[in-house]
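A.B. asks: Pasting in a structure now, in structure tokens, and then I'll have a few things to ask.
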Amino acid sequence: MREYECMLILPAEADEAMVSTAVDRIAKTIAPTGGKVDSIDRWGRRRFAYEIARQHEGYYVVVRFEAEPSVQAELDRTLKLADEVIRHKILLLPDKAPEKAKVTTSPASAEA
């Protein structure tokens, strides 16, 4: 399983029902392969830098989930066809890198 992040832009007048519908679409698409939604972060209404679909504002939602790589194409297709989604972006999150050992300097070597 890999970890993904999906950002959705919904219409500015999106209510809780519309947000739930969009998140349910994601959950239903990834569930058959054993994937799961980790977190849902609602950013709220934000102004666009430029006009998108004749709108100047949108409601942003970020969903983090775990799924098989094959699910990404199906989820992309599902969100393209969803009427309530203005734009979306699915990102593969990088694997967590091991922490580097901290280099400590002794006072004697710092003065030299």
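The values are calculated or read from the model by the stated rules, or taken from the named source; none is laboratory data. Note that this is a predicted model, so its numbers are computed, not measured. With ideal geometry, Cβ positions are generated from the backbone for all residues, glycine too; neighbour counts draw on all protein chains shown.
A.B. asks: Across segment 8-45, which residue is surrounded by the fewest Cβ atoms within 10 Å (Cβ to Cβ) among those that are in contact with a strand residue (DSSP E or B) (Cβ under 9 Å, 6 or more places away or on another chain) and among the polar types (S, T, N, Q)?
C.D. replies: Checking each candidate, the answer is S39.
A.B. asks: Search segment 46-79 for residues being touching a strand residue (DSSP E or B) at 6+ places or on another chain (Cβ under 8 Å) and of a type in the set (K, R), and hand back the single one that is nearest to I30 (Cα to Cα).
C.D. replies: R64
A.B. asks: Is it the case that some residue within segment 62-72 is more than 14 Å from E3 (Cα to Cα), at pLDDT 90 or above and of a type in the set (F, W, Y)?
C.D. replies: No, segment 62-72 contains no residue that is more than 14 Å from E3 (Cα to Cα), at pLDDT 90 or above and of a type in the set (F, W, Y).
A.B. asks: Restricting to segment 50-73, name every residue that is in a helix (DSSP H, G or I) and loosely packed, with under 14 Cβ neighbours inside 10 Å.
C.D. replies: Within segment 50-73, just A73 meets the criteria.
A.B. asks: With (1) assigned to a strand (DSSP E or B); (2) without any contact (Cβ under 8 Å) to a residue 60 or more places away in the chain as the list, and D24 as the residue in question, which single condition is left unmet?
C.D. replies: Result: D24 passes all but (1).
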